[in-house]
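Down below is the structure, laid out as structure tokens.
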Amino acid sequence: MTSKEIALKAAQILHDKGAQNITVLDVSKMTVITEAMVIASGRNVLQARALAEDVEEQLEKLELSPIRKDGHPGSRWVVLDYGAVFIHVFLPQEREFYHLDKLWEQEDNRIPLPFDEE
């Protein structure tokens, strides 16, 4: 799977699980660390953890495992590192504080999400 396909699959999983404010960015021209970022919010710590766990479980079914993950059970920000794709699940307050969307978004690097048209 390409990085874009992985990112879109993760975004769909997050959407299906009830994540809020999902953004997918192509950052391949901005950094050599990763190619895409998925950024989403959970309503509370339990939902954020469940969102991250579900993404990990569903991608595992596609034989994709994170290289690293950061965030313990009480975390307000969980990161799953799939190499070419970073998946960030925040609580709204942390997402607003760190502004990853604004740091990494440029004019044309937002990847459209199929469920945004619903």
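Counting Lys and Arg as +1 and Asp and Glu as -1 over every other residue whose Cβ lies under 12 Å from the Cβ of L14, the net charge comes to -2. Expressed per residue, the C-alpha convex hull volume of region 3-107 stands at 90 Å³.
Which residues make up the longest stretch of the chain that has no trypsin sites (Lys or Arg not before Pro) in a DSSP loop with at most 14 other Cβ atoms within 10 Å? After excluding every exposed loop site, the longest remaining stretch is 62-118. Sparsely packed loop sites in region 1-96 (the GluC sites (Glu not before Pro) outside DSSP H, G, I, E and B with at most 13 other Cβ atoms within 10 Å) comprise E63.
Over the chain, dividing the summed -39,500 (n - 2.57) contributions of all DSSP H runs of at least 4 residues by the number of residues returns a 222 nm mean residue ellipticity of -10500 deg cm²/dmol.
None of the figures in this text is laboratory data; all of them are computed from the coordinates on show. From a predicted model like this one, the values you see are computed outputs, not experimental measurements. Heads up, the Cβs are rebuilt from the backbone with ideal geometry, glycines too, and the neighbour counts pull from every protein chain shown.
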